[in-house]
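The values are calculated or read from the model by the stated rules, or taken from the named source; none is laboratory data. Quick caveat, the model's predicted, so the values are computed rather than measured. When we count neighbours, we look across all protein chains shown, and the Cβ atoms used for this are built from the backbone with ideal geometry, even at glycine. Quick note on the areas: whole protein, heavy atoms, side chains included, nothing else; ligands and nucleic acids left out. Shrake-Rupley method; radii C 1.70, N 1.55, O 1.52, S 1.80 Å.
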Amino acid sequence: MRDDETDPVLGRRTALAVFGAGLAAGCSTYGSGSGGTSAAPPPAGPGTELGASGDVPVGGGKVFPDKGVVVTQPAAGTFAAFSAICTHQGCTVDAVAEGTINCPCHGSKFSIADGAVANGPASKPLEKKPITVADGKITLSPA
């Protein structure tokens, strides 16, 4: 066989290999959505200070993505904490607005009061996390 006869075949095989590798890489990011992440942050350990209680608005909340926790204040002086990992496909929630904790990946929403599902596709509530609030600081408590 002459070299010029094998080049087109080799070219097609190379193109298919490159295409296949790109397709596989693209599929590995499915579920991350825009703005969310499917990689869970390392969990915060007991006694980990999360932040200032003054940073958590009444009727809202604050996501601590680096700690994997979201803290809410459904009523003045009442705080609750939940895992920041959506129970649908493991994305990190990114916002608390209008009484819900919101996941950017597929639109799941959870109640700021108890972490219950307010809007699917998630079917399980967010995991509750024990916290203490003292001296203006929010601390993850031992379970």
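For the range 90-101, which residues satisfy the criterion of being over 15 Å from F64 (Cβ atoms) and polar (S, T, N, Q)? Working first, answer last.
At the first step, the residues of the range 90-101 found to be over 15 Å from F64 (Cβ atoms) are 90-91, 97-100.
Matches in the range 90-101: T100 only.
Please indicate, with yes or no, whether at least one residue in the range 55-75 is open to solvent by 20 Å² or more (accessible area, probe 1.4 Å), hydrophobic (A, V, I, L, M, F, W, C) and over 26 Å from D135 (Cα atoms).
No, there is no match, as no residue in the range 55-75 is open to solvent by 20 Å² or more (accessible area, probe 1.4 Å), hydrophobic (A, V, I, L, M, F, W, C) and over 26 Å from D135 (Cα atoms).
Please find, within the range 75-113, the residue that is nearest to the chain's Cα centre (by Cα) out of those that are of a type outside the set (A, V, I, L, M, F, W, C), under 16 Å from P57 (Cα atoms) and part of a loop (DSSP other than H, G, I, E, B).
Restricting to residues being of a type outside the set (A, V, I, L, M, F, W, C), under 16 Å from P57 (Cα atoms) and part of a loop (DSSP other than H, G, I, E, B), the top hit is D94.
If the requirement is being touching an Asp or Glu at 6+ places or on another chain (Cβ under 8 Å), surrounded by fewer than 18 Cβ atoms within 10 Å (Cβ to Cβ) and of a type outside the set (G, A, S), which of these qualifies: K124, K137? Steps first, please.
Values: K124 fails: touching an Asp or Glu at 6+ places or on another chain (Cβ under 8 Å).
Just one listed residue meets the conditions, K137.
Condition (residue is touching a His at 6+ places or on another chain (Cβ under 8 Å) and either modelled with pLDDT of 95 or more or open to solvent by 40 Å² or more (accessible area, probe 1.4 Å) (or both)) applied to the range 85-92: is it met by at least one residue?
Scanning the range 85-92 turns up at least one residue that is touching a His at 6+ places or on another chain (Cβ under 8 Å) and either modelled with pLDDT of 95 or more or open to solvent by 40 Å² or more (accessible area, probe 1.4 Å) (or both).
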